[in-house]
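Everything on this sheet refers to the single structure shown next.
The values are calculated or read from the model by the stated rules, or taken from the named source; none is laboratory data. Please read these numbers as outputs of a predicted model, since none were measured by experiment. Here Cβ is always computed from backbone atoms with ideal geometry, including for glycine, and neighbour counts include all displayed protein chains.
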Amino acid sequence: MPLRIYNTLSRQKEVFEPVRPGKVSMYLCGPTVYKPAHIGHMVGPVIFDTVKRYLAYCGYDVTWVVNVTDVDDKLINRAAESGTTVEALAREMTADYLENLEAMGVDGIDRFPKATEHIPEMIAMIGRLIEQGHAYPLEGDVYFEVTTDDDYGKLSRRSVAEMLAGTRVEANERKRNPADFALWKKSKAGEPAWDSPWGRGRPGWHIECSAMSTKLLGETFDIHGGGLDLLFPHHENELAQSESCTGRTFARYWMHNGLMQSSGAAKVGGAHDRRGDVPLDEAAQVAGKLAGSAGAESVKTAVFAKHHPEAVRFFLLSTHYRSPIDFSLENIAAVEKSLEGFYRLFEKFERITGTSFYDLEAPPRRDRTTPLENGPPEFFGELSELRDRFLEAMDDDFNTGGASGVLFELRRCINGFIAAQKLEAGGDETGKAALTTAVTLLKELSNLLGVFRRPVEKRGSPADDAFAGQLMELLIEVRAEARKAKQFGIADRIRNRLGELNIALEDRPEGTLWRRE
């Protein structure tokens, strides 16, 4: 089936048709860099990195832009509290953010513009809005007049009255309408400031993204992404000011990912882990958004120190991107444990074929997928069916939850073939060739999720690992001598006690292997 994307603007799935055939332009709202990145900051980049991977796999030339807000009230306040400058704080926190993206395998971002690098474009856009009657200066500030935009509120589907109810608006009693929002703010003494026709000041938050996205991607681009908490007011205001300025459609498809929630919070909006029919429930998700817990601490100290980033990435992709994410270290640990089965398969594959899984060359494009014509019909038929199901899930609004589930089924299928063909006991070259084809397909599909791209480093120091290995060699040797002396009770006791410590032994023709469960 054709690729379909759930468009927040229309509240339905639509067949994807880019502005320019063969090319995709994509913008994701990035962080305000005033403190270290937390786990919530990783959600959008991981999701849209996967979206880009799949679009590229489908043959599109994708340009992906993620902005950095490096001038903002939060930055100004945090810099003052820390006794540093806004520029220095932004530089330090941007470096932290980029390091975390690298750890998570997010390497598909093409442009990373900073707000302070595009002040002239923002001033020019504000000037056009004033000329067109959509904005007005006021005591050194400039405001967008929402009543001049006939369809203001079409993205969030709120009326102006609903927007004002229970919503904090920028205080200025002289504004023409309480819902009017700032495009330019007069700077106070000691704050960052730029010259403008309205006096020295700095841009409002919303105009930053409009100016940077249109500058780098054009007045109309394909996909605008961000967390559901940005739907209003940020994305609503972006849309209003951009389309009022250009008279053109701003973004064709609006994609909003679900928010991180503390484990134990009710799953809201009828969300499902695997299916793609997730309804939009902005209010409930925003109300349950993770804050003030371990998940809101630095992702390096709160998460990466305990769990490998690959497991964290897989965890984030194990639900549909529009679903809320049930965050807890226990949930990540469960995912990390489930991945051990893949790592054992990779070790098994290397023992059988002499080739590392990570050295396999997997097809990068859908039209050049791993061939499944010449091989065991039943095995290759099951592989083909699983591949189709994986791609169908991804075609259905990038349903990574469904796709990741297929990877586990593919692993089971491959392990079953290894056992049936007795490949660990030797097997024949035909069976090994079929196995290589199957594992290559696994790599092709896992690449689309951005997982299993490089070996996972073992936790603990090299000295600890070496010592553990030496102890296990000793225990295996003692157990082998006990079995040789027909002291099976002692041999079984060693195996059972190791099992209680989550260490499994595998007796093979070439010797006994051990692994942590």
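Return a yes/no flag: does region 90-111 have any residue that is farther than 30 Å from Ser318 by Cα, modelled with pLDDT of 95 or more, assigned to a helix (DSSP H, G or I) and charged (D, E, K, R).
Initially, region 90-111 is screened for residues farther than 30 Å from Ser318 by Cα, giving 90-92.
Add one more test, that the residue is modelled with pLDDT of 95 or more, and what stays is 90-92.
Still in the running and assigned to a helix (DSSP H, G or I): 90-92.
Then drop every residue that is not charged (D, E, K, R), which leaves 91-92.
Looking for residues that are farther than 30 Å from Ser318 by Cα, modelled with pLDDT of 95 or more, assigned to a helix (DSSP H, G or I) and charged (D, E, K, R), one finds at least one in region 90-111, hence yes.
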query: So which residues in region 362-403 are in contact (Cβ under 8 Å) with a residue 24 or more places away in the chain, of a type in the set (Asp, Glu) and not in a helix (DSSP H, G or I), if there are any at all?
result: Asp396, Asp397
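Residue-by-condition table, conditions (1) over 18 Å from the mean Cα position of the chain (by Cα); (2) surrounded by 15 or more Cβ atoms within 10 Å (Cβ to Cβ); (3) farther than 30 Å from Gly450 by Cβ:
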{"site": "Thr84", "(1), (2), (3)": "yes, no, yes"}
{"site": "Glu87", "(1), (2), (3)": "yes, no, yes"}
{"site": "Asp110", "(1), (2), (3)": "no, no, no"}
{"site": "Thr116", "(1), (2), (3)": "yes, yes, yes"}
{"site": "Met122", "(1), (2), (3)": "yes, yes, yes"}
{"site": "Met125", "(1), (2), (3)": "yes, yes, yes"}
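Does Ala95 satisfy being surrounded by 15 or more Cβ atoms within 10 Å (Cβ to Cβ) and in the same structural domain as Asp195 (by TED's automatic domain parsing)?
Taking the combined requirement at face value, the residue does not satisfy it.
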message: One residue is enough: does region 19-34 have a residue meeting the conditions over 21 Å from Cys209 (Cβ atoms) and in contact with a helix residue (DSSP H, G or I) (Cβ under 9 Å, 6 or more places away or on another chain)?
response: no
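Do we find that Thr85 is farther than 27 Å from Val312 by Cβ and among the hydroxyl-bearing types (Ser, Thr, Tyr) in this structure?
Numbers: farther than 27 Å from Val312 by Cβ: yes; among the hydroxyl-bearing types (Ser, Thr, Tyr): yes.
Here the answer is yes, as Thr85 does meet what is asked.
Quick check on my filter: what residues within region 108-151 are on the phi > 0 side of the Ramachandran plot and not small (Gly, Ala, Ser)? Even if it seems obvious, please write down each step before you answer.
Applying the first criterion (on the phi > 0 side of the Ramachandran plot) to region 108-151 yields 133, 139-140.
The one that is on the phi > 0 side of the Ramachandran plot and not small (Gly, Ala, Ser): Glu139.
Could you list, in sequence order, the residues of region 352-361 that are among the charged types (D, E, K, R) and either surrounded by 13 or more Cβ atoms within 10 Å (Cβ to Cβ) or not in a helix (DSSP H, G or I) (or both)?
Within region 352-361, the subset among the charged types (D, E, K, R) is 359, 361.
Glu361, the sole residue that qualifies.
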- request: For residues that are within 11 Å of His320 (Cβ to Cβ) and touching a Phe, Trp or Tyr at 6+ places or on another chain (Cβ under 6 Å), tally how many sit in region 399-418.
  value: 1
task: Take Gly201 and decide whether it is more than 17 Å from Ala124 (Cα to Cα), in contact with a strand residue (DSSP E or B) (Cβ under 8 Å, 6 or more places away or on another chain) and crowded, with 20+ Cβ neighbours inside 10 Å.
output: no
task: Pick out the one residue from Lys215, Lys267, Lys188 that is in the same structural domain as Asp72 (by TED's automatic domain parsing), modelled with pLDDT under 95, surrounded by fewer than 22 Cβ atoms within 10 Å (Cβ to Cβ) and not in a strand (DSSP E or B).
output: Lys188
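Among residues belonging to region 59-82 that are assigned to a helix (DSSP H, G or I) and small (Gly, Ala, Ser), point out the one that is farthest from the chain's Cα centre (by Cα).
At the first step, the residues of region 59-82 found to be assigned to a helix (DSSP H, G or I) are 73-82.
After this cut, where a residue has to be small (Gly, Ala, Ser) as well, the list is 79-80, 82.
Details: Ala79: 29, Ala80: 32, Ser82: 31 Å.
Looking at residues that are assigned to a helix (DSSP H, G or I) and small (Gly, Ala, Ser), I get Ala80.
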Residues (surrounded by fewer than 24 Cβ atoms within 10 Å (Cβ to Cβ), of a type outside the set (S, T, N, Q) and at pLDDT 95 or above) located in region 230-254: Leu230, Leu231, His234, Glu236, Glu243, Gly247, Arg248, Arg252, Tyr253, Trp254
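Determine which member of the set Leu129, Leu183, Leu155 is in contact (Cβ under 8 Å) with a residue 24 or more places away in the chain and assigned to a helix (DSSP H, G or I).
Values: Leu183 fails: assigned to a helix (DSSP H, G or I); Leu155 fails: assigned to a helix (DSSP H, G or I).
That would be Leu129, the only listed residue that is in contact (Cβ under 8 Å) with a residue 24 or more places away in the chain and assigned to a helix (DSSP H, G or I).
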